[in-house]
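The values are calculated or read from the model by the stated rules, or taken from the named source; none is laboratory data. The shown structure was predicted, so the numbers you read here are calculated from the model rather than taken from an experiment. Don't worry about glycine lacking a Cβ; one is built from the backbone with ideal geometry, like all the others, and counts go over all protein chains shown. The accessibility values were calculated without ligands, DNA or RNA, using every heavy atom of the protein model including side chains. Shrake-Rupley method; radii C 1.70, N 1.55, O 1.52, S 1.80 Å.
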Amino acid sequence: MLNITLPDGSQRAFPAPVTVAEVAASIGAGLAKAALGGKVDGQPVDLSRRIDTDARLAIVTDRDADGLEMIRHSTAHLLAYAVKQLFPEAQVTIGPVIEHGFYYDFAYKRPFTPEDLAAIEARMTELARKDEKVERRVLPRDEAVAYFKGLGEHYKAEIIASIPEGQDVSLYREGGFEDLCRGPHVPSTGKLKHFKLMKVAGAYWRGDHRNEMLQRIYGTAWATKDDLQKYLLMLEEAEKRDHRKLGRELDFFHIDDHAPGVVFWHPKGWTVWQGVEQYMRQVYRDNGYQEVKGPQILDKALWEKTGHWDKYRDNMFTTESEKRDYALKPMNCPGHILIFKQGIKSYRDLPLRYGEFGQCHRNEPTGGLHGIMRVRGFTQDDGHIFCTEDMILDECVAYTALLQKVYADFGFTDILYKVATRPAARIGSDEVWDKAEHALMESLRRSGVEFVIAEGDGAFYGPKVEYTLKDAIGRQWQCGTIQVDFSMAERLDAEYVSDDGSRRHPVMLHRAIVGSLERFIGILIEQHAGALPAWLAPEQAVVCPITDQQHEYAREVAKTLQKQGVRVSVDARNEKINYKIREHSMQKVPYILVVGDKEKASGAVAVRARGSIDLGVMPLEDFSAKLLGDIARKA
């Protein structure tokens, strides 16, 4: 008898080998209809997979993450099927699943147009309605190469030829289209109902700029119509919030071809930057950090010692002077160790916390640059805590609480937590890893938060916690992190004198709360749709006199507020008051103060809050108290 163990622990016995589909049918007709595939001993498989030994089995439906991945993977094949029907001369290459969807790269003699995209999507819908069976077969590698060459699919043949000789490969067929794939896939095209093609972009064959340019068609696919509509609505809202668009409209910054991947900050944008930096500087002061500053350029030999040269050389900007090789720093850690090494450190000095607004450079590929979210030159709120092993837990507990407070002040209260544990290739004893992983997990437990574990995703030198923000429209941004490092201080010979007089290497905790300031400001712009809270807004109020007769009073109002630390200006232009109000509303100024003869006579201001909210006329001191209260509360 063959025994199949289900997720609830129950078992089902079968007299002979059985397919996943047959097991689903034995459980119930509803499950058999909903089933997309299965997981046999944790491995995703097709419904047609034959089970011939005792195994653990979970039936996968569209409610499962694995089911959604099957839908997206299968929809990528459906896309290629439709393209081959409409454009037979097009060659297919690769089509993987990505976050929220999929893409497929094609080689074709001319660019695909928006009309082509609409036609392809319509053909995909037709093919899905045919509900054609998706079938798997296996071929020897060389036979598969010959098969695809015979079809004129030279890119696909090249991919298969790169597979080690003697191996078999799996192919999936639906109707008249067959593609190379490991699978698994949905059982038939009728399972693919809720998809949308999004855009076409260029992509080099195999990601190498020396190869030919292909056309990449992006799409999204979901389990339900409601999920698809929610995603499309989120994209519409995201487009309105795009920091690149708002950055231009609000005159915050620009990116110039003379310095690709580096930001030119305008006065308003730099005011926002300073708001974030000065806030974080206060966080340093209030939480026992000593601010330091390291050099931008460091000798190649240092990066070789730390291991960065071997791992990150291609992403480092280098230079040479007097026959010595240097690199612009891609991170701040080695510089902080060199500062730590100056002078003798005792166990009584630990924990020692250094913080730096360190400017870093990484040679990101042009195609990966994105506004101020992904740049080549950026500044981190970088901190390193030098401590003993026994201090790790307390430091991590304090750090998580601090991070939560900072994020809340910036308007983020929904945080996801992930602990990345030891990878297969690592250094250090299991005992040390046990202590580090326990400290990170326990710090989150003490903070009263739930977390997920990413097995094997830690760095080779130690585990880490990743903190991910959820923004106003549900998008996720991984910003903060704390990493436990037993390696780098030792590599650079950093030591402290322990309580028994021996020399020991400190544990190094790498931590960042906002991460790249550029990226974080981009996130803030999109989170608030450009309408930054009063404490961060580059201009907190603007005074608008109705006529020339109130100009002097308007300046007195502004001067009074400026003395209280308010960022305020006077709009004395010879324009109608409605025009001024509309323009400053478009610039998302938190408060517009209108002053006419009545306000001048009574020492008052007519207050309009952002969002066309009329707060009425109030004494200047009352408005001042309100605005200063907003700023103090980070409201």
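Taking the range 544-559, which residues are open to solvent by 20 Å² or more (accessible area, probe 1.4 Å) and either assigned to a loop (DSSP other than H, G, I, E, B) or under 23 Å from residue 632 (Cα atoms) (or both)?
The answer is 546, 547, 559.
Can you tell me which residue within the range 454-467, out of those that are surrounded by 15 or more Cβ atoms within 10 Å (Cβ to Cβ) and part of a strand (DSSP E or B), is modelled with the lowest pLDDT?
Going through the qualifying residues, I end up with 459.
Could we say that residue 66 is open to solvent by less than 70 Å² (accessible area, probe 1.4 Å), in a helix (DSSP H, G or I) and either over 19 Å from residue 189 (Cα atoms) or in contact with a Lys or Arg (Cβ under 7 Å, 6 or more places away or on another chain) (or both) here? Give the steps one after another, and end with the answer.
Details: open to solvent by less than 70 Å² (accessible area, probe 1.4 Å): yes; in a helix (DSSP H, G or I): yes; either over 19 Å from residue 189 (Cα atoms) or in contact with a Lys or Arg (Cβ under 7 Å, 6 or more places away or on another chain) (or both): yes.
Against the criterion (open to solvent by less than 70 Å² (accessible area, probe 1.4 Å), in a helix (DSSP H, G or I) and either over 19 Å from residue 189 (Cα atoms) or in contact with a Lys or Arg (Cβ under 7 Å, 6 or more places away or on another chain) (or both)), residue 66 qualifies.
May I ask you to list pairs of residues, at least six apart or on different chains, whose Cβ atoms are under 7 Å apart, with the first in the range 246-266 being without any contact (Cβ under 8 Å) to a residue 12 or more places away in the chain and the second being open to solvent by 70 Å² or more (accessible area, probe 1.4 Å) and among the small types (Gly, Ala, Ser)?
As it stands, the answer is none, since no pair meets every condition given.
Just to verify a result, which residue in the range 245-269, among those that are open to solvent by 30 Å² or more (accessible area, probe 1.4 Å) and touching a strand residue (DSSP E or B) at 6+ places or on another chain (Cβ under 8 Å), is farthest from residue 526 (Cα to Cα)? Break it down into steps so the answer makes sense when it comes.
Taking the range 245-269 as the starting set, the residues that turn out to be open to solvent by 30 Å² or more (accessible area, probe 1.4 Å) are 245, 248-249, 251, 254-258, 260, 262, 264-268.
From what is left, the residues that are touching a strand residue (DSSP E or B) at 6+ places or on another chain (Cβ under 8 Å) are 248, 254-256, 262, 264-266.
On the way: 248: 13, 254: 16, 255: 18, 256: 21, 262: 19, 264: 19, 265: 17, 266: 18 Å.
Looking at the filtered set, the residue picked out is 256.
Any idea which of 186, 169 is within 23 Å of residue 62 (Cβ to Cβ) and aliphatic (A, V, I, L, M)?
Exactly one residue qualifies, and that residue is 186.
Can you name the strands (runs of 3 or more DSSP E) wholly within the range 560-635 that have at least 1 residues being surrounded by fewer than 13 Cβ atoms within 10 Å (Cβ to Cβ)?
Ranges flagged: 613-619.
Quick one: is residue 432 under 28 Å from residue 309 (Cβ atoms) and in a helix (DSSP H, G or I)? Break it down stepwise before answering.
Numbers: under 28 Å from residue 309 (Cβ atoms): yes; in a helix (DSSP H, G or I): yes.
In short, yes.
Checking residue 393 against (1) part of a helix (DSSP H, G or I); (2) open to solvent by 30 Å² or more (accessible area, probe 1.4 Å); (3) modelled with pLDDT of 95 or more, only one condition comes out false. Which one?
Unmet condition: (3).
Can you tell which of 342, 282 is open to solvent by 50 Å² or more (accessible area, probe 1.4 Å), over 25 Å from the mean Cα position of the chain (by Cα) and more than 23 Å from residue 518 (Cβ to Cβ)? Steps first, please.
Details: 282 fails: more than 23 Å from residue 518 (Cβ to Cβ).
That would be 342, the only listed residue that is open to solvent by 50 Å² or more (accessible area, probe 1.4 Å), over 25 Å from the mean Cα position of the chain (by Cα) and more than 23 Å from residue 518 (Cβ to Cβ).
Matching residues to (1) hydrophobic (A, V, I, L, M, F, W, C); (2) out of contact with any Ser or Thr (no Cβ under 8 Å at 6 or more places or on another chain); (3) in contact (Cβ under 8 Å) with a residue 12 or more places away in the chain:
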residue	(1), (2), (3)
478	no, no, yes
487	no, yes, yes
500	no, yes, no
507	yes, no, yes
530	no, yes, yes
555	no, yes, yes
564	no, no, yes
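What residue, among those in the range 483-509 that are touching a helix residue (DSSP H, G or I) at 6+ places or on another chain (Cβ under 7 Å) and part of a helix (DSSP H, G or I), is most open to solvent (accessible area, probe 1.4 Å)? Break it down into steps so the answer makes sense when it comes.
At the first step, the residues of the range 483-509 found to be touching a helix residue (DSSP H, G or I) at 6+ places or on another chain (Cβ under 7 Å) are 484, 486, 488-489, 491-492, 494, 496-499, 505-509.
Imposing the further condition that a residue be part of a helix (DSSP H, G or I) reduces the set to 488-489, 491.
On the way: 488: 14, 489: 1, 491: 97 Å².
The qualifying residue most open to solvent (accessible area, probe 1.4 Å) is 491.
Yes or no: residue 478 exposed (fewer than 15 other Cβ atoms within 10 Å of the Cβ) and in a strand (DSSP E or B)?
Numbers: exposed (fewer than 15 other Cβ atoms within 10 Å of the Cβ): yes; in a strand (DSSP E or B): yes.
Yes; evaluated as a whole, the condition is true for this residue.
What number of residues within the range 103-162 are within 18 Å of residue 83 (Cβ to Cβ) and of a type outside the set (Gly, Ala, Ser)?
Final tally of qualifying residues: 32.
Could you grab the pairs with beta carbons closer than 7 Å, sequence gap of 6+ or different chains, first residue in the range 122-143 and free of Cβ contacts under 8 Å to residues at least 60 places away in the same chain, second one of a type in the set (S, T, N, Q) and open to solvent by less than 50 Å² (accessible area, probe 1.4 Å)?
These pairs meet every condition: 131/188; 131/189; 132/188; 132/189; 133/188; 138/170.
Restricting attention to the range 348-384, which residues are surrounded by fewer than 15 Cβ atoms within 10 Å (Cβ to Cβ) and more than 27 Å from the chain's Cα centre (by Cα)?
Hits for the range 348-384 are 348, 349.
What is the residue count in the range 301-330 for residues that are touching a strand residue (DSSP E or B) at 6+ places or on another chain (Cβ under 6 Å), open to solvent by 10 Å² or more (accessible area, probe 1.4 Å) and under 24 Å from residue 506 (Cα atoms)? Let's see the steps before the verdict.
So in the range 301-330, the residues touching a strand residue (DSSP E or B) at 6+ places or on another chain (Cβ under 6 Å) come out as 303, 316-319, 326-330.
This time we only want the ones that are open to solvent by 10 Å² or more (accessible area, probe 1.4 Å), so: 317-319, 326, 328.
Filter again for under 24 Å from residue 506 (Cα atoms), leaving none.
Residues meeting the conditions: 0.
Please go through the range 201-241 and give me each residue that is in contact (Cβ under 8 Å) with a residue 60 or more places away in the chain and among the acidic types (Asp, Glu), ordered by number.
Hits for the range 201-241 are 212, 237.
What are the residues in the range 272-290 that are within 19 Å of residue 253 (Cα to Cα) and small (Gly, Ala, Ser), if any?
275
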